[in-house]
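To start, the structure itself, in structure tokens.
The values are calculated or read from the model by the stated rules, or taken from the named source; none is laboratory data. Computed from a predicted structure; not experimentally measured. Note that we place each Cβ from the backbone using ideal geometry, even for glycine, and neighbour counts take in every protein chain shown.
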Amino acid sequence: MSDQYEQYEAVVVGAGPGGAAAAAKLADEGIETLVLERGVKAGAKNVSGGLLYAEDSAPYAIDNLYPQIRTEATERPITEYTIQNVAGSTVKEYDLTRLHEHDTRWSDAVLRRKMDSWLAERVHERTRETGGGLLNGIKVNGLLREDGEIVGVTCDEIDPIRAEFIVAADGVNSELARDAGLMNWDEPEQWFQGVKATVEAPNVNDRFDIGPQEGVAHLFSGDLFDGVRGGGFCYTNVDTLSIGAVFHLDSLVESAAEPHELLNALLEHPVCSQWIDDPYREVEYAAKLVPDSKKVAHPDPQSDRLVLVGDAAGQMQAQGPIIKGMNHAVTAGALAGEAFAAAKRRGEPSSAGERYVERLYESGTMAKLRPKRYERLRPIAERERTTEVVDRLLESPIGRFGVRALDATGLLERLYSSPFMSMSIPDTQTPYVTLPTVIAETLGETVSDDTVVDPPSLEQRIGELTYDTDIGNPHIELLDNSVEASGAAVTACPVSASEFGGGCYREETIASNGTTKNVVSLDTQPCIECGTCAVVADTAWEHPSGGRGIEFRQG
Ligand SMILES: Cc1cc2nc3c(=O)[nH]c(=O)nc-3n(C[C@H](O)[C@H](O)[C@H](O)COP(=O)(O)OP(=O)(O)OC[C@H]3O[C@@H](n4cnc5c(N)ncnc54)[C@H](O)[C@@H]3O)c2cc1C
Ligand code: SF4
């Protein structure tokens with residue numbers, strides 16, 4: 001039975017940073033490795049902010065595995081890092097470069113299409129030498145089992161593949177993690193949604209007063225986002241800006257906020273528009289779900305021959321303003337490859353999963369993903385009553401006096417820059433909205449700018465995207481079309497909106513038996529595969545088949 005299928009020593013699913021790292025390590029150890037990527041090109045499905053970090057303390061960073069990456073595939077080193085606390089039109093800036101540089105060997109801005117396609121070429125060159133290679137346009141749709149044991153993967157486009165070792169680096173909403181029963185997080189509070197515009201900026205050096213080997217990251221928090229917990233960012237690329245925001249999904253859903261409107265609020269605010277060229281030219285609109293590692297990083301991301309790495313294992317760390325997903329995916333991918341090679345040398349390939357998990361702990365990676373400090377503080381710091389009391393105090397004259405006093409001594413800026421503090425930040429209104437708003441109201445200066453940013457409508461944004469749609473074979477099925485079960489998707493889906501009929505989700509009134517009722521309908525054609533409705537609506541959610549669906553050009 002099994003002989004009829006092609007067999008490799010290792011199969012890696014997904015050619016994002018996690019998959020590329022796993023493939024490099026496996027190939028360097030001479031292990032016959034096949035990499036399967038569903039995008040028509042690697043990067044075509046991927047979105048990041050994105051600052052790629054190489055941490056001092058990590059056992060692997062991307063340039064250990066691909067030494068040329070910084071000269072050939074990243075945008076710019078980020079040398080200046082600030083947070084802009086915003087209240088109305090007043091802004092107070094703090095320099096967070098110290099926090100950004102903590103445990104950082106280097107950090108570059110990247111665009112995923114460019115970086116992932118470059119990585120994919122290197123992956124193919126290296127894995128081909130082992131007898132494997134990289135195949136694009138192949139969607140892995142599940143696990144191959146024999147006698148109940150995971151022994152390979154099944155695909156939409158090709159026959160099943162057997163392997164001694166399977167690396168699921170298939171990102172957020174991993175089909176393999178779900179099939180293995182290892183994805184056990186489906187509450188909105190366990191996820192973030194990131195939404196982003198890539199914006200033309202041919203004069204980026206002049207506008208930011210930087211040289212070609214310098215770059216800036218500005219972060220934004222305060223009252224910009226209608227009270228939704230989250231933060232904005234503006235990163236300098238070679239000749240574009242990545243401008244976006246990352247929101248706690250539960251907060252987005254509770255306030256029925258429209259992600260594209262929140263993004264527009266940032267783009268149009270002078271604190272951001274001062275960096276944008278006039279006229280505004282948006283190159284790409286994108287969005288994606290990411291997991292919150294401090295709640296969901298899987299403590300034991302392996303089963304039989306399968307290991308999960310990166311977002312598939314919930315390994316996306318958002319600690320305070322710093323977002324680190326790509327670097328952890330790289331570390332985990334390389335650790336997985338290393339573990340299989342070591343297990344194979346010992347003649348016990350089946351122990352690779354356990355060894356991989358041991359290495360995640362020994363290397364300190366799990367301690368970063370699930371900081372103990374946060375877990376200890378959470379029961380008190382995230383109580384509603386605590387937030388109410390702290391927020392009321394901060395907004396009182398005493399609180400404002402305290403903010404002024406702490407700022408005068410420089411302590412407030414130092415606290416913002418403290419890695420210790422950033423690991424302890426609770427998921428409440430206080431750090432995302434109340435504190436930055438009070439800081440800006442108390443200490444801020446009015447910011448003004450003449451640039452008028454006129455962002456495209458949702459319809460225009462969708463119209464500019466490239467799709468090879470799945471007409472006749474929708475990749476998401478709405479299981480319950482009641483507003484109660486699935487209505488949240490109408491606003492939370494980044495290409496839908498309550499007053500917009502052209503997106504994926506809409507609310508409609510239907511008449512039957514002389515009565516009317518409101519239901520939700522779904523059209524998957526404009527779907528950008530962010531994954532949000534897998535969590536906030538009642539759906540049977542799958543990725544489209546290989547090469548189908550959205551094709552991001554920037555990411
Ligand atoms: C707006 C936003 C801002 C972010 N900012 C940052 C940042 O500044 N810094 C940072 O480090 N991280 C950031 N992240 C998070 C980061 O992008 C992810 O953590 C990271 O991409 C995870 O890497 P990965 O390799 O695990 O998965 P991915 O990068 O998602 O790669 C998964 C790959 O698997 C492929 N795939 C998926 N399913 C299948 C299948 N069934 N068959 C075959 N192939 C499949 C996909 O096409 C994709 O190529 C941000 C994310 C967002 C959305
Ligand atoms: S339909 Fe679902 S997966 Fe597609 S863009 Fe909307 S929320 Fe995201």
Filter the range 483-519 down to the residues that are among the aliphatic types (A, V, I, L, M), assigned to a helix (DSSP H, G or I) and away from ligand 1 (no atom under 16 Å from the Cβ) and list them by number. Val483, Ala485, Ala488, Ala489, Val490
Contacts under 8 angstrom Cβ, first residue in the range 318-338 being under 16 Å from Ala367 (Cα atoms), partner within 7 Å of ligand 1 (Cβ to nearest atom) and basic (Lys, Arg), 6 or more apart: Ala318/Lys324
Of Val238, Val216, the only residue that is in contact with a Lys or Arg (Cβ under 7 Å, 6 or more places away or on another chain), hydrophobic (A, V, I, L, M, F, W, C) and surrounded by fewer than 23 Cβ atoms within 10 Å (Cβ to Cβ) is Val238
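Results for (1) more than 16 Å from ligand 2 (Cβ to nearest atom); (2) touching a Phe, Trp or Tyr at 6+ places or on another chain (Cβ under 8 Å); (3) under 20 Å from Gly142 (Cα atoms), shown as yes or no for each residue.
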| site | (1), (2), (3) |
| --- | --- |
| Ala15 | yes, no, yes |
| Ala24 | yes, yes, no |
| Asp28 | yes, no, no |
| Gly43 | yes, yes, no |
Starting from residues that are within 14 Å of ligand 1 (Cβ to nearest atom) and of a type in the set (D, E, K, R), keep the ones in the range 520-546 and report whichever is surrounded by the fewest Cβ atoms within 10 Å (Cβ to Cβ). Glu542
Matching helices (runs of 4 or more DSSP H) fully within the range 254-350 where at least 2 residues are more than 16 Å from ligand 1 (Cβ to nearest atom), in contact with a helix residue (DSSP H, G or I) (Cβ under 7 Å, 6 or more places away or on another chain) and modelled with pLDDT of 95 or more: 326-345
Residue that is farther than 20 Å from Ala245 by Cα, modelled with pLDDT of 95 or more and aliphatic (A, V, I, L, M), where the choices are Ile83, Ile161: Ile161
Complete set of residues in the range 387-419 that are assigned to a helix (DSSP H, G or I), of a type outside the set (A, V, I, L, M) and crowded, with 16+ Cβ neighbours inside 10 Å: Thr387, Asp391, Gly399, Arg400, Gly402, Asp407, Glu413, Tyr416
Asp480 meets each of (1) closer than 25 Å to Pro259 by Cα; (2) free of Cβ contacts under 8 Å to residues at least 60 places away in the same chain; (3) not in a loop (DSSP other than H, G, I, E, B) with one exception, condition (3)
Mind checking whether some residue in the range 489-505 is away from ligand 2 (no atom under 14 Å from the Cβ), assigned by TED's automatic domain parsing to the domain that holds Glu189 and of a type in the set (D, E, K, R)? no
Quick one: how many residues across the range 536-553 are within 9 Å of ligand 2 (Cβ to nearest atom) and hydrophobic (A, V, I, L, M, F, W, C)? 4
Condition first: within 25 Å of Ala58 (Cβ to Cβ) and charged (D, E, K, R). Now tell me which residues in the range 114-159 satisfy that. Lys114, Asp116, Glu121, Arg122, Glu125, Arg126
Run Gly50 past the list (1) touching a Lys or Arg at 6+ places or on another chain (Cβ under 9 Å); (2) modelled with pLDDT of 95 or more and report the number of the one that doesn't hold. (2)
Pick from the range 195-213, criterion under 22 Å from the mean Cα position of the chain (by Cα) and either part of a loop (DSSP other than H, G, I, E, B) or aliphatic (A, V, I, L, M) (or both), ranking: surrounded by the fewest Cβ atoms within 10 Å (Cβ to Cβ): Val199
Working carefully through the options Glu382, Glu338, Glu348, Glu354, find the one that is in the same structural domain as Glu32 (by TED's automatic domain parsing), touching a Pro at 6+ places or on another chain (Cβ under 9 Å) and among the charged types (D, E, K, R). Glu338
